[in-house]
Amino acid sequence: MRIISIANQKGGCGKTTTSINLAAALAANNRRVLLIDLDPQAHATSGLNIKTEVSIYNVLSKITHKKCRLEEIIQNLGENLDIAPSSLVLSTLEQELSGEIGRESRLSEIINDFRNNYDYILIDCPPNLGILTINAIRSSSEIVIPVEASRFSLEGLSQLISIVNLVKERLGHNVEFRVLVTNFDSRLQHSFKMLEKIKADYRKMMFSTIIHVNVKLKEAQNEGLNVFTYDKYCRGAKDYFSLSREIITQENPPSGQTTEKTLEKRMNEILKDTLPKLNEITLKVNAPQAKEVYVAGEFNNWKLDENSRMEQNNGSWSKNINLKKGKYRYRFVIDGNWSEDPDNPLKQVNPYGTMDSLLEVKK
């Protein structure tokens, strides 16, 4: 089970929007997901039209008159997707825990005792660096930090990273973080300048996916829906679906199965024997203004890494891959934007309304 906090103390960066729609996207990929709303403002709860008499406060508090277990407050949002709602009274928990020993681990202890079978637990954190956010970081193995392409977001990012390092130092808890660029307006030159600055500082810790400005995301929230239920063909839905795919490709094999290094070693041995039977295919795309281009498809499990990065030559990007006979779906990722191959007439609609290019390899 992967526990991921979505955190940034700066408001308006798309934190709750990301929490709601990433959870829905993972559920659409057949992952069982629990979204914990740890924000006293309860935006994720109200943004999904959840009404409740008990909340995560009744689970975390030791002095509440109505003590609950985590499983008792969970509400279902649809197939594979549940929520543990929040409420305004959660804001009193900061003071309640202030003098308690082990206050930073309250949520972690509850999740460790929680037996329901989820693939992912996502935690929507409050927009501050208080005890609730510390609890979320302490409970998580990963953090997604939504960041706008703006100077103030970058300053907030550095402060949050300092807290992550403090938790690692004081509590001995190591947590990985990745930066997600949100609310990106591709019509503004300033957005691209700030994107380059973010890449300069955090390139190795960034998601390839970028969440673009899309009015459908706000409309969905106003209707109390996730964007996939509201309009699964809009730009916002496609962005969050791409993000979920990128996160899924980072899943580790279950305990007791082949480790990544062992798998890589075995794959290299197999390739030596089978390489003569493979066909070398060259994929190309013309993108002279692009900063980085990847090719992702069924042949590499839609993974974006150094092995799928394309090489540039005079504005044309190319990648040689060795494939067996068969048909493969694929797409290009140009500066975070997923697109089909404009020079390939063979296409097929994917479940989210966009087109995948088709590659047929003949023996």
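Inter-part distance, the range 149-190 to the range 78-132, computed on C-alpha centroids, equals 20 Å.
Couplings 3J(HN,Hα) of the range 68-80, computed from phi: 10, 8, 4, 5, 7, 9, 5, 10, 7, 10, x, 4, 6 Hz, in residue order, whole Hz [Karplus 6.51 cos²θ - 1.76 cosθ + 1.60, θ = phi - 60°; x for Gly and Pro]. Evaluated with a Cβ-only charge set (Lys, Arg +1; Asp, Glu -1), the range 273-361 carries a dipole of roughly 220 debye about its Cα centre, given to the nearest 20. The GNM of the chain, with springs linking C-alpha atoms under 10 angstrom apart, assigns the highest mean-square fluctuation among F228, F299, F241 to F299.
So which of K10/K303; K232/K362; K291/K327; K51/K218; K199/K232 end up more than 25 Å apart, counting from Cα to Cα?
Numbers: K10/K303 30 Å; K232/K362 34 Å; K291/K327 29 Å; K51/K218 20 Å; K199/K232 29 Å.
The answer is K10/K303; K232/K362; K291/K327; K199/K232.
Helix content alone sets the calculated 222 nm mean residue ellipticity of the chain: runs of n ≥ 4 DSSP H residues at -39500 (n - 2.57) each, divided across all residues, give -10000 deg cm²/dmol.
Sort 173-186, 26-39 by the packing proxy (mean of other Cβ within 10 Å over each peptide's residues), most packed first. Don't skip to the end; give the middle numbers.
Values: 173-186: 18.6, 26-39: 23.3.
Descending mean neighbour count gives 26-39, 173-186.
Close amide H partners of N322, meaning residues 5 or more places away or on another chain with modelled amide H under 5 Å apart, are I281.
For the chain, the longest principal axis of the C-alpha atoms and the axis of helix 15-28 are separated by about 60°.
Computed from point charges on the beta carbon alone (+1 for Lys and Arg, -1 for Asp and Glu), the dipole magnitude for the chain about its Cα centre is near 800 Debye. For the peptides 319-330, 50-61, the ranking by mean Cβ contacts within 10 Å, running from highest to lowest, is 50-61, 319-330. Averaging the Cα positions of each part gives two centres, and for the range 210-245 and the range 332-363 these lie 21 Å apart. Note on the chain: GNM, Cα springs under 10 Å; of N117, N128, N214, the largest mean-square fluctuation is that of N117.
Volume of the convex hull of the range 273-361 (Cα atoms only), normalised per residue: 104 Å³.
Pairs of Cα atoms under 8 Å, at least six residues apart: use those to get the relative contact order of the chain, whole percent.
Numbers: 660 pairs, mean separation 57.3, N = 363.
Relative contact order comes out at 16 percent.
If eta is 1.306 mPa s and T is 10 °C, what Stokes-Einstein diffusion coefficient results for the chain, Kirkwood Rh from Cα pairs, in µm²/s?
Numbers: Rh = 22.0 Å.
Translational D for this selection: 72 µm²/s.
Each reported figure results from applying straightforward, stated rules to the coordinates on display, with no laboratory input. Note that the structure is a prediction, hence the values are computed from the model and not measured. Every residue, glycine among them, receives a Cβ derived from its backbone with ideal geometry; neighbour counts consider all protein chains shown.
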